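Written below as structure tokens is the structure these notes are about.
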Amino acid sequence: MTQDFAKIRPEPLLEKKPASNPPAWSLMITGVVLGITIGVFACVLLYLSGRVPPLSQPAVATAELANRASADSEPGTPAESDPAETPLEYEFYRELQEYEVLVDATPVDLSAQDPNRRLERDYLLQTGAFERRELAETEQQRQAALGLNVFVKDPGIVGRSLFLVQSGPYRTQGELDNAETVLRRNSIPFLRLTSQSD
């Protein structure tokens with residue numbers, strides 16, 4: 001008996017379907033459950049290692065001190081004082097008084113930090129340079145509202161009009177520091193200049 005292999009139907013090929021991703025919430029729940037499980041397992045291992053102090057240690061220590069005090073006292077005599085009222089004495093308070101550390105320190109001149117110290121030169125703080133006088137005057141009014149002594153200066157550059165917004169002059173370190181602090185707090189950039197006597 002002969003078979004005609006041409007007439008035999010081939011089996012249908014398996015259809016390839018793309019695998020769909022699992023929903024995000026199932027991954028989140030799986031991660032949370034797995035994290036809690038690992039955390040509990042780590043806590044149990046830490047507890048079994050014996051490195052965790054007991055939770056009621058202060059109460060146990062107080063009870064042990066009370067038992068020692070009652071055991072040390074003679075029967076029939078009351079204890080001198082309550083263990084909670086006895087002051088604790090730490091050895092390091094006595095030891096530190098006798099301990100001295102030698103360091104190679106350079107003394108700091110605090111007169112340089114004196115806010116009333118007169119500066120070697122007078123300083124100006126420049127906070128802007130504008131081509132239009134109206135913009136310079138607007139900035140001047142803004143800074144004057146902050147309490148600064150502000151003025152607009154025309155440097156007289158030939159062929160170019162430029163109006164500088166400056167404050168000062170500052171003659172002491174305290175005045176200069178206060179003005180710079182006000183400008184920094186209000187996010188106003190500034191440039192420190194030495195004042196030239198006209």
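Only the coordinates and a few stated rules stand behind these numbers; no lab work does. Given the structure is predicted, the values throughout are model-derived calculations rather than measurements. In this analysis, Cβ positions are derived from the backbone assuming ideal geometry, glycine residues included, and neighbour counts consider all displayed protein chains.
Counted by neighbouring Cβ atoms within 10 Å, the residues Lys17, Lys153 run from fewest to most as Lys17, Lys153. Restricted to Cα atoms, the stretch 119-194 shows a radius of gyration and a Dmax of 12.4, 39 angstrom.
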